[in-house]
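The values are calculated or read from the model by the stated rules, or taken from the named source; none is laboratory data. Here the structure is a predicted model, which is why all the values come from computation and not from measurement. Here the Cβ positions follow ideal geometry from the backbone for every residue, glycine too, while neighbour counts run over all protein chains shown.
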Amino acid sequence: MASAFSATKFTQPLPLNTSTSRSHGKQSVFDPLKSSTSFLGSTRKLRFTSFPKLNQPNSHRPSLVVAVSEAVKEKKLKSTSNLLITKEEGLELYEDMVLGRAFEDMCAQMYYRGKMFGFVHLYNGQEAVSTGFIKLLKKEDYVVSTYRDHVHALSKGVPARAVMSELFGKTTGCCRGQGGSMHMFSKEHNLLGGFAFIGEGIPVATGAAFTSKYKREVLKEGDSEDVTLAFFGDGTCNNGQFFECLNLAALWKLPIVFVVENNLWAIGMSHLRATSDPEIWKKGPAFGMPGVHVDGMDVLKVREVAKAAIGRARRGEGPTLVECETYRFRGHSLADPDELRDPAEKAHYAARDPIISLKKYIIEKSLASEAELKVIEKKIDEVVEDAVEFANESPLPPRSQLLENVFADPKGFGIGPDGRYRCEDPKFTEGTAHV
Amino acid sequence: MLGIIRQKAFGQSLQRIRPVASSWRGYSSTSKQMMVREALNSALDEEMSADPKVFLMEKRLGNIRVHIRSYFLTSNCGFMFMISKGLLEKYGPERVLDTPITEAGFTGIGVGAAFYGLKPIVEFMTFNFSMQAIDHIINSAAKTNYMSAGQISVPIVFRGPNGAAAGVGAQHSQCYASWYASCPGLKVLAPYSSEDARGLLKAAIRDPDPVVFLENELLYGESFPVSAEVLDSSFCLPIGKAKIEREGKDVTITAFSKMVGYALKAAEILAKDGISAEIINLRSIRPLDRPAINASVRKTNRLVTVEEGFPQHGVGAEICASIIEDSFGYLDAPVERITGADVPMPYAANLERMALPQVEDIVRAARRACYRSVPMAAAQSY
């Protein structure tokens, strides 16, 4: 694992295309060897433009372009085949992805049976991105997501029972039934939502990253910075808020990783038709942060890139933009008949199903046997069934819950001079006007 | 005495302006049924063919045709595309623009185009998304005619579904009528039936000022009878005039958009109780048809306002204040406001039902206004 990791960092730098570099040397340089785009191509070259390890955290030295070609990677993979993941990690990744898939399939079933309602957006096919990134986080790290947030919640550690009852609208859900499918929040697991509008989560994530930097530098708490991951899609990359946050994150060197889940479709709008330059990773260097493109259907590749990006953020070197080329097997939401997408495209990506690829890898590298994987699948089935049962049996929110949680302050009278809520002072409501 | 004469005058003026009201009742058995969706589509089609400066900007997001099942399970953005069905084929991509998901951007672009004489119709997937663009709606569109002393007018229409749908959570369910209606420089319209939808949208497109056109997702699929006059291509309704959907003499109930349907159902229930309710379909939130509401209250002496939005600073609050200013002496009971609950919309189905006005709430309020149920304060016999 260590050697594979180092492969990304210490290979010989390839010749730079100086015409694209900035004179004041703050910008990292585009990788001149980027091959022509073919979004439906089967193999993607892993390009990683990154700053090497800096001794001075605040220096503005020009970056070194370090690119890894597929050929070098392949050789490394073959010789150090077992070192990308250990058996425990492999099984953990497999279990997480199978949980995501089984959960989403069960959501679809429950929706069509009328147990769930409203907007439900499923994550089938994109599990590699969620698992690849979130499984590298600590509990204190933050994740900010979009409306397609069930699997992010599950990967981050929110119990399947809590997520399922939230979807059913029951009071035992993670948000007591008040949020719903698109608004999953968990303070305990540091999942900051769940936003309905695209681009809404990115400034919130940038703020969370700001908090961790502030805590470390101003409040002097703790040593390593808590990293924030912001997940969003390709459609969001045309939105103003995205660019504003890229700028600020790079300017203030915030510990954040912007993860673009580029599944090529914004509901029914093709990314290629909506974007002047469809290569999203390029937008990173324009703001002074590395931009990486990775095959989002391969959890191991995602994990590699994630390790580097999260490591960068943790060391205080600033943000990274990671574009994961992935695909959603179902429509945008459960009400979308998904008639627009070309079946050939769907078949192409279905053949690259991340769960099947990981299973093949695990079995080929003899990390685990087929039987062990089957045990995991069975266990996940039971977990999901149990979640559904629990959600079914949970009570609906009581009438008294309707008006709760509007304010954090129970009666809205504010905080008094003694630092406690004024409404807790029994004398407060006697008489009204104060001179 | 004076009150009765004035009411008659009002009544006649109302009749003159809306002759359709009488013919509608007369010919309802032979009139055509039209869905609100088709009404909007036909209005857009006719206005676009009449004036080449009219163009449509929407987050089209592909030509999704809505699955019939989804109509029952959820109100999806797919509905929006049925509104502009066929327009892309007929007018081409230069006039029916498909934009990426950048509300602030394309709203601003639309306003800029309107400054220079084009007539954009900017569609939001729901008005909740208009918050991303609200700076342009208020600061660039609404205030420009004033700031430029009349030199630059902004003939733009912002349209889209408003208010709660079914189970879509807090960020997709807010009603923006009162937010936009408080801003001078904007006209705010809220149609209910197909006739309203057609007439008001055509009026909005022809109007030289910025218009916020608040439709309702759940009404798109409902059918209403329309007369031949409504189907005529030059048909348009006046802005700033309400419609009396049902005449009555005991209590006035004002509503707009989906709540008009609920109010009509409540009126049926109240009629069995002997309470005859007059239902006013506001149609136009800004400018508000104060004369019509006042005339009606002077006739019935009781008022119940119904709306879906949040209670504080809502449309009902404005109507109540207006009545007190103009017709205080005529009120026999306190004005009742029925609004959505003062909470962000919860997701759970039972909480959502509690958070929105239902027909029973309207009936109860009307009864209270008529002193038919447990009195809330010192009651007088009526």
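Could you grab me the full set of residues in region B:91-106 that are within 13 Å of chain A (Cβ to nearest Cβ) and part of a helix (DSSP H, G or I)? Talk me through it step by step, then tell me what you get.
To start, the set of residues in region B:91-106 that are within 13 Å of chain A (Cβ to nearest Cβ) comprises B:93, B:97-106.
The answer is B:Glu103, B:Ala104, B:Gly105, B:Phe106.
Look through A:Gly318, A:Gly284 and report the one residue that is of a type outside the set (Phe, Trp, Tyr), more than 30 Å from A:Lys115 (Cα to Cα), over 15 Å from the mean Cα position of the chain (by Cα) and not in a helix (DSSP H, G or I).
A:Gly318
Any chance region A:88-105 includes a residue that's in contact with a His (Cβ under 7 Å, 6 or more places away or on another chain) and within 14 Å of chain B (Cβ to nearest Cβ)?
For region A:88-105, residues in contact with a His (Cβ under 7 Å, 6 or more places away or on another chain) and within 14 Å of chain B (Cβ to nearest Cβ): absent.
Please pick out the residue among B:Gly167, B:Gly160 that is within 10 Å of chain A (Cβ to nearest Cβ), in contact (Cβ under 8 Å) with a residue 60 or more places away in the chain, of a type outside the set (S, T, N, Q) and not in a helix (DSSP H, G or I).
Among B:Gly167, B:Gly160, only B:Gly167 is within 10 Å of chain A (Cβ to nearest Cβ), in contact (Cβ under 8 Å) with a residue 60 or more places away in the chain, of a type outside the set (S, T, N, Q) and not in a helix (DSSP H, G or I).
For region A:209-241, name all the residues that are more than 14 Å from chain B (Cβ to nearest Cβ), of a type in the set (S, T, N, Q) and surrounded by fewer than 24 Cβ atoms within 10 Å (Cβ to Cβ).
Matches in region A:209-241: A:Thr211, A:Ser224.
Looking at (1) within 28 Å of A:Ser394 (Cα to Cα); (2) modelled with pLDDT of 95 or more; (3) of a type in the set (Phe, Trp, Tyr), which one does A:Tyr147 not meet, given that it meets all the others?
Only one criterion is unmet by A:Tyr147, namely (2).
Looking at A:Pro426, A:Pro354, A:Pro397, which is the one that is of a type outside the set (S, T, N, Q) and touching a Gly at 6+ places or on another chain (Cβ under 6 Å)?
None of the others qualify; the one that does is A:Pro397.
Of the residues that sit in region B:172-197 and are out of contact with any Gly (no Cβ under 7 Å at 6 or more places or on another chain), within 17 Å of B:Leu218 (Cα to Cα) and in a helix (DSSP H, G or I), which one is nearest to the other protein chains (Cβ to nearest Cβ)?
B:His172
Answer yes if at least one residue in region B:121-139 is more than 14 Å from every other protein chain (Cβ to nearest Cβ), of a type in the set (D, E, K, R), out of contact with any Lys or Arg (no Cβ under 6 Å at 6 or more places or on another chain) and not in a loop (DSSP other than H, G, I, E, B), and no otherwise.
Within region B:121-139 (the criterion being more than 14 Å from every other protein chain (Cβ to nearest Cβ), of a type in the set (D, E, K, R), out of contact with any Lys or Arg (no Cβ under 6 Å at 6 or more places or on another chain) and not in a loop (DSSP other than H, G, I, E, B)), the answer is no, since none of the residues qualifies.
Which one of the conditions (1) farther than 28 Å from B:Gln358 by Cβ; (2) in contact with a strand residue (DSSP E or B) (Cβ under 9 Å, 6 or more places away or on another chain); (3) not hydroxyl-bearing (Ser, Thr, Tyr) does B:Phe213 fail to meet, given that it meets all the rest?
(1)
Please specify each residue of region A:221-241 satisfying the condition of being assigned to a helix (DSSP H, G or I) and among the charged types (D, E, K, R).
Once the filter is applied, which keeps residues that are assigned to a helix (DSSP H, G or I) and among the charged types (D, E, K, R), region A:221-241 yields nothing.
For the list (1) part of a helix (DSSP H, G or I); (2) under 25 Å from A:Thr326 (Cβ atoms), I need the number of the one condition that A:Ala162 fails.
(2)
Run B:Ile109 past the list (1) outside any loop (DSSP other than H, G, I, E, B); (2) buried (at least 19 other Cβ atoms within 10 Å of the Cβ); (3) within 14 Å of chain A (Cβ to nearest Cβ) and report the number of the one that doesn't hold.
All conditions pass for B:Ile109, except number (2).
What residue, among those in region B:331-357 that are touching a Phe, Trp or Tyr at 6+ places or on another chain (Cβ under 8 Å) and under 20 Å from B:Arg302 (Cα atoms), is surrounded by the fewest Cβ atoms within 10 Å (Cβ to Cβ)?
B:Asp332
To keep it simple, each residue is scored yes or no on (1) modelled with pLDDT of 90 or more; (2) part of a helix (DSSP H, G or I); (3) away from every other protein chain (no Cβ under 14 Å).
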{"residue": "B:Ser23", "(1), (2), (3)": "no, yes, yes"}
{"residue": "B:Ser29", "(1), (2), (3)": "no, no, yes"}
{"residue": "B:Glu38", "(1), (2), (3)": "yes, yes, yes"}
{"residue": "B:Leu61", "(1), (2), (3)": "no, no, no"}
{"residue": "B:Phe81", "(1), (2), (3)": "no, yes, no"}
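How many of the residues making up region A:351-384 are touching a residue at least 60 places away in the same chain (Cβ under 8 Å), part of a helix (DSSP H, G or I) and not β-branched (Val, Ile, Thr)?
Result for region A:351-384: 10.
Say we look at region B:240-259 and pick out the residues that are small (Gly, Ala, Ser) and part of a loop (DSSP other than H, G, I, E, B); which of these is nearest to the chain's Cα centre (by Cα)?
Top of the filtered list is B:Ser257.
Could you look through region B:325-355, keep only residues that are within 11 Å of chain A (Cβ to nearest Cβ) and among the aliphatic types (A, V, I, L, M), and pick out the one that is farthest from A:Phe407 (Cα to Cα)?
So, considering only residues that are within 11 Å of chain A (Cβ to nearest Cβ) and among the aliphatic types (A, V, I, L, M), the one farthest from A:Phe407 (Cα to Cα) is B:Ala349.
Can you tell me which residue in region A:176-191 is farthest from the other protein chains (Cβ to nearest Cβ), limited to those that are within 26 Å of A:Ile267 (Cβ to Cβ) and either hydroxyl-bearing (Ser, Thr, Tyr) or buried (at least 21 other Cβ atoms within 10 Å of the Cβ) (or both)?
Ranking the qualifying residues of region A:176-191, first place goes to A:Leu191.
Enumerate the pairs (first residue in region A:330-346 and away from every other protein chain (no Cβ under 12 Å); second residue anywhere and outside any loop (DSSP other than H, G, I, E, B) and of a type in the set (A, V, I, L, M, F, W, C)) with beta-carbon separation below 9 Å, excluding pairs fewer than 6 apart on the same chain, so at least 6 apart or on different chains.
A:Arg330/A:Ala108
Provide a single number: the residues in region B:273-330 that are acidic (Asp, Glu), without any contact (Cβ under 8 Å) to a residue 40 or more places away in the chain and surrounded by fewer than 21 Cβ atoms within 10 Å (Cβ to Cβ).
So the count comes out to 2.
Scanning region A:242-265 for residues that are part of a helix (DSSP H, G or I) and out of contact with any Pro (no Cβ under 7 Å at 6 or more places or on another chain), which turns out farthest from the other protein chains (Cβ to nearest Cβ)?
Across region A:242-265, the extreme among qualifying residues is A:Trp252.
Hey, among A:Ala209, A:Ala205, which residue is part of a helix (DSSP H, G or I), at pLDDT 90 or above, touching a Pro at 6+ places or on another chain (Cβ under 7 Å) and closer than 28 Å to A:Lys301 by Cα?
A:Ala209
Would you please name the residue that is nearest to the other protein chains (Cβ to nearest Cβ), looking only at residues in region A:266-323 that are of a type outside the set (A, V, I, L, M) and closer than 24 Å to A:Ala196 by Cβ?
A:Gly268
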